[in-house]
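The values are calculated or read from the model by the stated rules, or taken from the named source; none is laboratory data. Values in this document were obtained by computation on a predicted structure and should not be read as measured data. Here the Cβ positions follow ideal geometry from the backbone for every residue, glycine too, while neighbour counts run over all protein chains shown. These accessible areas exclude ligands, DNA and RNA; they are computed on the full protein's heavy atoms, side chains included. Shrake-Rupley method; radii C 1.70, N 1.55, O 1.52, S 1.80 Å.
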Amino acid sequence: MIGVEKPPEKKISEENQNRYAFRIVDLLLPWLKELQQEQTKEKELEGKLQGVSMDEVKLEQADCDIDERVYCNRCKTSIVDFHRSCKACLYDLCLACCWELRKGEVPGGEEVMSVQWKNRGSGYVFGNIPKLKDGNKMVSSSRHMETPSSESCKDMAVVDVPNNPLLLWKANSDGSIPCPPKEIGGCGASSLELKCLLPENMFSELEYRANKVIKKEASAKAIDKTSEQCPCFDRSSKIRTKAIREAANRKGSSDNYLYCPDANDIQEDDLLHFQMHWSKGEPVIVCDALRLTSGLSWEPLVMWRALREKKTNGDVEDEHFAVKAVDCLDWNEVEINIHMFFMGYMRGRMHPMTHWPEMLKLKDWPPSSSFDQRLPRHGAEFITALPFPEYTDPRYGPLNLAVRLPAGVLKPDLGPKTYIAYGYYEELGRGDSVTKLHCDMSDAVNILMHTAEVSYEAKQLHKIAKTQKKMREQDLQELFGVLQSGTVPRQSSPIESDGKAVHEATKISCNNETNHTSNQSSKGLDMNALPPDDSESDVGDRPSFYQSEVQRELAQYSKHNHEVNSQHTDSDCSEQHKTGGALWDIFRREDSEKLQDYLRKHASEFRHIYCNPVKHVSHPIHDQTFYLTAEHKRKLKEEHGVEPWTFEQKLGEAVFIPAGCPHQVRNLKSCIKVALDFVSPENVGECVKLTGEFRRLPSDHRAKEDKLEIKKIALNALKEVVNFLDPLSQRSKNRDDQPIIEVEDVNKPKRQYSNRRGDLKSGEDQPNDEAIEERKPKRRGRSSKR
């Protein structure tokens, strides 16, 4: 409980400050030029509409307070500068929506009718086949049920709805855009006028100064220029360091190994090596990060006691000790006493009757956006453990662009945030403790702070195997129309009960050892979880997968999976005890399209809420509906040649995930993880690309809202480093002293709107079924950080 109250700050030399600032300018300048070209394109069109040259166009600068955020009313994307606005009703439209209207497209993506997941009861979740009115069991009409196409996988598009107002909203022939009809938020009375939020020449002046900085001889020397030859290999491609880990087996690929240094061995020069891999979009694993800390205990009951002490001291608001958790079996919320949850974390929990492992994960605990406020010593311990603080430190990291937002500007909630969940070492196939496939909006680092192993008796394991067989037969009949009762069931898994809150009385604890149990039964059960896979079903004739499958998968990625006996020897258990707490699959950015194609094709083979087969897909990755089992990963490689980096995260290891890399996680043990988002200059382009994908999602989609505001972050960071490197420049000095995006004219009347923004959550543990607060962006959303 002692720990440290304040994490130490790493001293940054003046030379390194200059080098980091030059690196930011060098990486962000091309993006700034693209942004300026987009705005120039719209200004040229405005000149044609007004009948004047572009240079003669004078734009009205909209008023915006420092504590306000401006969004597009249509796609919910943050507006950084140019936009079109209605004088009558204050409807705002971003440039991207304007261009889509002119192309005849639905701006901001098509709306869809929301999907209602049917609750078929706990019997269905555990493998019972629904019966028809005539008493016969419902069976698919064909062996391979017709898989949804990209259209049929989606929700019902709004264009299919008669008299859809979006279809009536079109750009005029000259390119001007009328205010939309009242049914979709506008007034329909006037045309939208081009306005700006920033001083009109600010972009050109910033580009001029940035180019001047780059051209300086000193800057040319200071910018990190890494050679193409990675220190991990010699010129003959032979490994020459121990600081790597094999994570894939792609033929003809040079990126099968991941950079994996030890936290205690990292020197100043290793930052350049990290940047070499990071700039290529490769994940990085840092071992033994906890050795950098004071050794504060991350035992769950210690954290609970620390939180109670804060409450007793009056530092924390009163709160009930009943917490919300997500049941990984059916993806529904349950309420559970926090002490009972932690007992299950250490000893395990089972569903009654079936003895199926119950996988729970805490939802947003501690219940505060400020981890440091609720658990200050643990927060300080986590920040102390962060490798490469130049990128990750949330207070001063010189290469963390989010740190460079000016004081008073509303900032996204980038963490840190805890993720506490149960886990199971074997891949159950349905109801696994997983974080489903998704992309974070920014870069992230995730550290495994604590694990607990739970073992199960042979009798319980036998019942689990029987339930697996039952679920497998259900999948064969319902998803593939195959009646093969004699077929050996492949790894299918249960999704929990009927969606009602699971009460304590209905749960039973496993008769097992606590956290540090080292003796395991014939099959060890390790409880550590994030939301489990939507009990995706497996292909009809695939073999069953058990504990040692993970070992085989890690050792031989390209080989077919083999059936593993349900009985495990003592050596298996001993081997299991040495393994990590979580199994990660991180896909390359360039494989994203093929990955999406595979998921659309095989969507009906996966299950989700209430264990229903997936039939509607808005976006295969951003929906966070799929988890690819070992079998699906095998098929993905067979059909598309796509293979992720796969590795086990061990206690104390920090995993760096680049923005834009789809990834999924399955917990092998009970785990406490802490994650932090950050914004690196290398990945600003990927963040912008992701924002563009999010804005095309349906309006009620969980990932729709632009919570990061990457353009705002990047512009402020570029402006700050240019001012640092070019302090003598007096160009627009007074205006440059003001934060970008928050330019206010005190003489203009202020608009009274109150649009609260949601906090950005770390992508790993955002549950799919998390309710999305419905909010309609207003002209100027006055907001404060939650």
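So is ALA421 touching a Phe, Trp or Tyr at 6+ places or on another chain (Cβ under 9 Å), aliphatic (A, V, I, L, M) and surrounded by 23 or more Cβ atoms within 10 Å (Cβ to Cβ) or not? Steps first, please.
Details: touching a Phe, Trp or Tyr at 6+ places or on another chain (Cβ under 9 Å): yes; aliphatic (A, V, I, L, M): yes; surrounded by 23 or more Cβ atoms within 10 Å (Cβ to Cβ): yes.
Yes, satisfied.
Given the criterion of a type outside the set (Ser, Thr, Tyr), open to solvent by less than 10 Å² (accessible area, probe 1.4 Å) and touching a residue at least 40 places away in the same chain (Cβ under 8 Å), identify the matching residue among LEU28, LEU59.
On the way: LEU59 fails: open to solvent by less than 10 Å² (accessible area, probe 1.4 Å).
Criteria check complete, one pass: LEU28.
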| remark: Given (1) surrounded by 15 or more Cβ atoms within 10 Å (Cβ to Cβ); (2) at pLDDT 90 or above; (3) not basic (Lys, Arg), GLY295 misses just (1)
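Please return the ranges of strands (runs of 3 or more DSSP E) entirely within segment 366-464 where 2 or more residues are among the small types (Gly, Ala, Ser). Let's see the steps before the verdict.
Details: elements: 417-421, 434-438, 443-456.
Here the list reads 443-456.
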| field | Pairs, first open to solvent by less than 40 Å² (accessible area, probe 1.4 Å) in segment 584-596, second modelled with pLDDT of 95 or more and in a helix (DSSP H, G or I), C-beta under 6 Å, six or more apart | value | PHE587/LEU595
| query | What number of residues within segment 260-297 are touching a strand residue (DSSP E or B) at 6+ places or on another chain (Cβ under 8 Å) and farther than 18 Å from SER680 by Cα? | reply | 9
| query | Of the residues LEU461, LEU437, LEU476, which is more than 22 Å from the chain's Cα centre (by Cα), crowded, with 20+ Cβ neighbours inside 10 Å and within 30 Å of SER604 (Cβ to Cβ)? | reply | LEU476
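Could you run through segment 253-292 and say how many residues are β-branched (Val, Ile, Thr) and either open to solvent by 30 Å² or more (accessible area, probe 1.4 Å) or in a helix (DSSP H, G or I) (or both)? Walk me through how you get there before you give the answer.
Step one: filter segment 253-292 for residues β-branched (Val, Ile, Thr), giving 266, 284-286.
Okay, now just the ones that are also either open to solvent by 30 Å² or more (accessible area, probe 1.4 Å) or in a helix (DSSP H, G or I) (or both), so 266.
Qualifying residue count, segment 253-292: 1.
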| strands (runs of 3 or more DSSP E) fully within segment 612-729 counting 2 or more residues that are within 14 Å of the chain's Cα centre (by Cα) | 654-657, 663-667, 670-678
| message | Suppose the filter is under 30 Å from VAL302 (Cα atoms) and open to solvent by less than 10 Å² (accessible area, probe 1.4 Å); does SER680 pass it? | response | no
| When LYS324 is evaluated against the numbered criteria (1) open to solvent by less than 70 Å² (accessible area, probe 1.4 Å); (2) modelled with pLDDT of 90 or more, which criterion, by number, is the only one it fails? | (1)
| task | Can you confirm whether segment 390-406 contains a residue that is hydroxyl-bearing (Ser, Thr, Tyr) and open to solvent by less than 10 Å² (accessible area, probe 1.4 Å)? | result | yes
